[in-house]
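First comes the structure, then the notes that go with it.
The values are calculated or read from the model by the stated rules, or taken from the named source; none is laboratory data. All of these numbers come straight from a predicted model, not from anything done at the bench. Every residue, glycine among them, receives a Cβ derived from its backbone with ideal geometry; neighbour counts consider all protein chains shown.
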Amino acid sequence: MRRFIFGLFVLYSCVTFSQVVNIENRRVSDGTYGFSGALNLSFSAQKQKDPLYTFQFKPVIQYKFGDKSDIKYQKDAINDTLKLVKIKPDKNKHLLLLISDLQYTGSKGKTYANYGLMHLRYAYRIKESGWKWESYSQIQYNQLLLQKVRTIFGTGIRAKLLDVKAKPGGYENRAMRLFIGTSVFYEYEEIHYTHRPMEYLNAARWSSYISSYFNFKYVEVAFTSYIQPNLGVFKDFRVLGEYSVFFRISEPFSIRFSFNHFYDSKPPETVTPSTYSFSVGLTYKLDKFRIDPEKWAKRKQKWLDKIQEDKENIQQIENE
């Protein structure tokens, strides 16, 4: 049973910790301005024959900022004079995205998984269009993939092809978004074998992806697909796909079906070239969760009145 559980963990880890990292599902909503993100920290322990510990830290920090407003001269057609015009800045002109993912799983004197990743990305919106120029760097290590260290540096473009929002009077959360992206990056990797000397790899790869999100009244769909061929040897390529479908039972509750797969045509020795995972679960969204300020104020005042009444009763008893 222990081997079976560990086998499932390795399968899940190989998909989750694959060479291709899905950045699309970690971006914060395009409408967010300034700082946003989340810091996720978790620790778990379970006891079978030996205690098994898992530690994970996954911060996501995003910062969007715009150009400073500018002032220029513009000719007034009526009066034939020059006047000063203040140009309104694009608030979402620049984006900085920092993603980190650290995970360790082990028991007494033995390590089952040791994984770490840090990704830094800068994006510049071209004029006020749906096109962005992006540059990024990444460093990671992964014991399960025999990866001592892997670093990449890349640059490319990302385009928003579709962005349909809710219509007045319709389903308020309705959305249809479609993105594509392509970039070129340099990759350096050190593979740590136990039976032979370490292998040093470097390559230039072409990375392309398509990402979409659809939200209708009863169905919500999100998927991302990547392909990354080696520009020197096109037979050396990697493919990653992450797909999720939510069937809405009621407004907060949904049944979630997720499928992930990863394929590496030339993985390190002893590493499985193809992995996949499938999961089913329930999702509860807090979008409709609200605190009514008036009800909260009345409840708070009721508590304060009760505290004051208790104080007066205590004071009266002491005086008697």
- Report whether or not residue 151 is without any contact (Cβ under 8 Å) to a residue 12 or more places away in the chain, polar (S, T, N, Q) and under 25 Å from residue 112 (Cα atoms). no
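Residue by residue, here is whether (1) at pLDDT 95 or above; (2) over 30 Å from residue 54 (Cβ atoms); (3) touching a strand residue (DSSP E or B) at 6+ places or on another chain (Cβ under 9 Å); (4) in a strand (DSSP E or B) holds:
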| site | (1), (2), (3), (4) |
| --- | --- |
| 132 | no, yes, yes, yes |
| 137 | yes, no, yes, yes |
| 157 | yes, yes, yes, yes |
| 160 | no, yes, yes, yes |
| 169 | no, yes, no, no |
| 173 | no, yes, yes, no |
| 182 | yes, yes, yes, yes |
- If you go through 82, 95, 52, the only one that is among the hydrophobic types (A, V, I, L, M, F, W, C), part of a strand (DSSP E or B) and either at pLDDT 90 or above or under 28 Å from residue 33 (Cα atoms) (or both) is 95
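How many of the residues in segment 212-267 are free of Cβ contacts under 8 Å to residues at least 60 places away in the same chain, of a type in the set (A, V, I, L, M) and in a strand (DSSP E or B)?
Number satisfying all stated conditions: 5.
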- Kindly indicate whether any position in segment 242-251 is at pLDDT 90 or above, within 19 Å of residue 274 (Cβ to Cβ) and either surrounded by fewer than 17 Cβ atoms within 10 Å (Cβ to Cβ) or within 18 Å of the chain's Cα centre (by Cα) (or both). yes
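When you check residue 174 against the structure, is it of a type in the set (Lys, Arg), surrounded by 14 or more Cβ atoms within 10 Å (Cβ to Cβ) and under 19 Å from the mean Cα position of the chain (by Cα), yes or no? Walk me through how you get there before you give the answer.
Details: of a type in the set (Lys, Arg): yes; surrounded by 14 or more Cβ atoms within 10 Å (Cβ to Cβ): yes; under 19 Å from the mean Cα position of the chain (by Cα): no.
Here the answer is no, as residue 174 does not meet what is asked.
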